[in-house]
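Let me begin by presenting the structure, written as structure tokens, before commenting on it.
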Amino acid sequence: MAYNDHAATAHDHDAHDHKPHGWRRWVYATNHKDIGTMYLVFAGISFFIGGTMAMLIRLELFKPGMQFLDPQFFNSMTTMHALEMIFGAVMPAWTGLANWMIPMQVGAPDMALPRLNNFSFWILPFAFTLLLATLFVPGGGPAGGWTMYPPLMLQGGAGFPMTIFAIHMMGISSILGAINVVVTIMNLRAPGMTLLRMPLFVWTWLITAYLLIAVMPVLAGAVTMLLTDHFFGTTFFTAAGGGDPVMFQHIFWFFGHPEVYILILPAFGVVSEIIPTFSRKPLFGYEAMVYATASIAFLSFIVWAHHMFTVGMPLAGQLFFMLSTMLIAIPTGVKVFNWTATMYRGSLSFEPPMLFALSFLFLFTIGGLSGLMLAIVPADYQYQDTYFVVAHFHYVLVPGAVFAIMGAVYYWLPKWTGNMYDQTLAKWHFWLSTIFVNVLFFPQHFLGLAGMPRRIPDYAVQFTDWNMVSSIGGFAFGLSQFLFPYIIWKCVHGGVRVGNRAWEGAHGLEWELPSPPPFHSWTEPPSDALIQRGAAH
Amino acid sequence: MAGNGMSTAPDAGQRQRGVRRTALLLGSVAAIFYVGFIVMMIWRATR
């Protein structure tokens, strides 16, 4: 307990850089940088576990017929891959980046609630151990898809209640993390760091945190109803007892659609940091970006039923959800326009973070456009539950959210470690990822349009060619990801030393700190002059 | 701040009160949402 004992008497200024050692540093961690690192490492491990599941899926789908996996296990893999990637990889990666960067960017010494921060993190390994353990109990892991629709989900074995409990733990972790982010931003900003001087990453996270607090309890309610339907004789979603399985879909997607924005809004923030840096220009339309983010968050609450057009709903409902969904294209278009305008006549250079941001810009937009196609009710009747949907959301989440996370790591890694990483290798990582992510997911548009259903281990022979291409892309994409931890590991252990401002065009308070930053940064609030220099947007 | 005693800002006490107030407010909202949904559901199921 050396660290906590120290923390309790930490009025001694000299002791601020005391760093606990050994396992205590991590188990009792209350330092935002340590907790951020743990979140990022956890996300990386989950990314490779979820990725292995994806490889198994692509292996089975390499050719028609049943090859390697039992159908039940295949369905478990699609379900677990999604849960692992959404709740285990992307969300913790954003929380890790928030932990590392928000205090440094707003001029705060730490997160506002450090012990709660520790608790939020340490819930996660238990939740995911429980989730993964479902694969080893009678009945296997959850196999009803990450959407957990009844009645299919209710047919699960011993893994079913374990999954529900794991989801509760993930939800509680997310809510506590979100509370910490809001409290930090609202209370610990340095004097002079007004809301409209905050970096876009902080803004997008603030809005994301509110979304989390609003919708995670809805998921908790939905899965608890599943639990009581299964074990306590209720019939919320059982038609035989007067319940309605469609009600679950409404409740789930009331959580699920804002969840999509929880995954992507911080990506908008990161890209809004990277593009100005490597364009050597202030962000075009800073305030418009803030309002666009808030608009997207608001709209995310009124579009949920576009995920369920085919269940049957009144025409007025279909029209409302179609039009409200299309409205999202406006603030999203504002963002894409502003990023492009930021680059216009800029002095561009193409270091790895910028490459990932540019790839994000093009490929996320492809995902957005296929989303617009899915929003059209009559067209959605054709696309629903096909590989077109799979292609759409993977374009949004992989070259969207995941590339933004990678771009963020490449952007801030020199700040975290004080070393520049191997940029040549990072560019290899970028090009391999960008080429093969398209080989992997673009053919899935064709498969979907041709009618191949999602979540099946076998398919008709006419889908063979594009499935082979997609699988080859998948294996190559998967293998190329091993470069990422290697580049990070190499950077942590050495490299060319960087100064405070690792990138010449970078602005923001984090770049005023030494690289690597001290264990406790901004123990004295930054001056107004520093804040103004940082807020050059 | 809260618990790590690192603040050297002149209005540290005020900030700490702000932290506590915001944390309690958001925590209560989240708890009411979280527990509320489940209680509402149990109540509905027993009627």
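Here, each number is a calculation from the coordinates, and none is a lab measurement. Everything numeric in this text was worked out from a predicted model, so none of it was measured. Here Cβ is always computed from backbone atoms with ideal geometry, including for glycine, and neighbour counts include all displayed protein chains.
When peptides A:356-366, A:78-88 are ranked by their average number of other Cβ atoms within 10 Å per residue, the highest-first order is A:78-88, A:356-366. Counting, for every residue in A:517-526, the Cβ atoms of other protein chains within 10 Å of its Cβ and taking the mean gives 2.
Overall, the ratio between the Cα radius of gyration of region A:466-537 and 2.2 N^0.38 Å, rounded to two decimals, is 1.74.
With the convex hull of its Cα atoms as the shape, region A:329-381 has an orientation-averaged projected area of 4.2 nm². Relative to the longest principal axis of the Cα atoms of chain A, the long axis of helix A:483-492 makes an angle of roughly 20 degrees.
The angle between the Cα long axis of helix A:245-279 and the main principal axis of chain A comes to about 40°, on a 0 to 90 degree scale.
So for region A:233-375, what are the equivalent ellipsoid semi-axes in whole Å, largest first, each being the square root of 5 times an eigenvalue of the Cα gyration tensor?
In descending order the semi-axes read 38, 14, 12 Å.
Over region A:132-260, the reciprocal of the mean inverse Cα-Cα separation, the Kirkwood hydrodynamic radius, stands at 16.4 Å.
If you add up the charges near A:Asp458, with Lys and Arg at +1 and Asp and Glu at -1, over every other residue whose beta carbon is less than 15 angstrom from its beta carbon, what do you get?
Net charge in that neighbourhood comes out at +2.
Normalised by the number of residues in region A:249-337, the average gap of Cα pairs under 8 Å and 6 or more apart makes the relative contact order 38 percent.
Could you please report the charge total around A:Thr293, scoring K, R as +1 and D, E as -1 over all other residues with beta-carbon less than 15 angstrom from its beta-carbon?
On the way: positive: A:Lys335; negative: A:Glu273, A:Glu287.
Computed value for this residue: -1.
Using r as the Cβ-Cβ distance of A:Asp528 and A:Phe298, and R0 as 35 Å, what FRET efficiency do you calculate, to the nearest 0.05?
Values: r = 33 Å, r/R0 = 0.93.
Efficiency, rounded to the nearest 0.05: 0.60.
Annotation: aspartates and glutamates with alpha-carbon distance below 19 angstrom to A:Lys63 (same-chain offsets under eight excluded): A:Asp458, A:Asp465.
Note on region A:358-405: percent of Cα-Cα distances in each 5 Å bin, starting at 0 and stopping at the bin with the largest distance, equals 6, 25, 28, 20, 12, 7, 2. Taking 8 Å as the Cα distance limit and 6 or more residues as the minimum spacing, I'd like the relative contact order of region A:113-199 as a percentage. Reported relative contact order: 35 percent.
Every helix of 4 or more DSSP H residues in chain A counts as -39500 (n - 2.57), and over all residues that averages to -21500 deg cm²/dmol at 222 nm. The distance separating the Cα centre of region A:283-335 from that of region A:336-406 comes to 16 Å. Taking amide hydrogens as placed 1.01 Å from N in the peptide plane, the amide H of A:Thr386 sits under 5 Å from those of A:Arg454, each at least 5 positions away in sequence or on another chain.
Note on region A:256-296: Rg/Rh from C-alpha atoms, Kirkwood Rh, equals 1.04.
Rounded to the nearest angstrom and listed largest first, the equivalent-ellipsoid semi-axes of region A:394-537 from its Cα gyration tensor are 42, 17, 11. When peptides A:449-459, A:205-215, A:383-393 are ranked by their average number of other Cβ atoms within 10 Å per residue, the highest-first order is A:205-215, A:383-393, A:449-459. Dividing the convex hull volume of the alpha carbon atoms of region A:105-185 by its residue count gives 95 Å³ per residue.
If I stretch the segment between A:Thr424 and A:Arg115 completely, what's the gain in nm (0.36 nm per residue apart, minus their alpha carbon distance), one decimal?
The span from A:Thr424 to A:Arg115 would gain 107.3 nm if fully extended.
The mean count of C-beta atoms from other chains within 10 Å of the C-beta of residues in A:175-187, rounded to a whole number, is 5. Relative to the longest principal axis of the Cα atoms of chain A, helix A:91-106 runs at roughly 20 degrees.
Relative contact order for chain A: what is it in percent, counting Cα pairs under 8 Å that are at least 6 residues apart? Walk me through the numbers on the way to the answer.
Working: 872 pairs, mean separation 93.4, N = 537.
So the answer I get is 17 percent.
In the calculated pair distance distribution of region A:186-250, what percentage of Cα-Cα distances lie above 15 Å? Cα-Cα pairs of region A:186-250 separated by over 15 Å account for 65 percent. Remark on region A:224-308: hydrodynamic radius 15.7 angstrom, per the Kirkwood mean of 1/r across alpha carbon pairs.
Go ahead and run the numbers for FRET between A:Ala239 and B:Arg17, Cβ-Cβ distance against an R0 of 60 Å, rounding to 0.05. For R0 = 60 Å, the calculated efficiency reads 0.70. Working note: Cα gyration tensor of region A:290-445, eigenvalues times five, square-rooted, sorted largest first, giving semi-axes of 34, 18, 12 Å.
On average, how many beta carbons from a partner chain sit within 10 Å of the beta carbon of a residue in B:32-45?
On the way: counts 1, 9, 12, 3, 2, 9, 8, 1, 1, 7, 5, 0, 3, 9.
Mean shielding count: 5.
Computed over the alpha-carbon atoms, region A:105-147 gives an Rg to Rh ratio of 1.27, Rh here being the Kirkwood radius from the mean inverse distance.
Shown here is the pair-distance distribution of region A:340-431: with all Cα-Cα distances grouped in 10 Å bins from zero up to the longest one, the shares run 16, 36, 27, 15, 6, 0 percent. Here r is the Cβ-Cβ distance between A:Phe362 and A:Glu287 and R0 is 30 Å; the resulting FRET efficiency, rounded to 0.05, is 0.75.
As a ratio to 2.2 N^0.38 Å, the alpha-carbon radius of gyration for the protein assembly as shown is 0.95.
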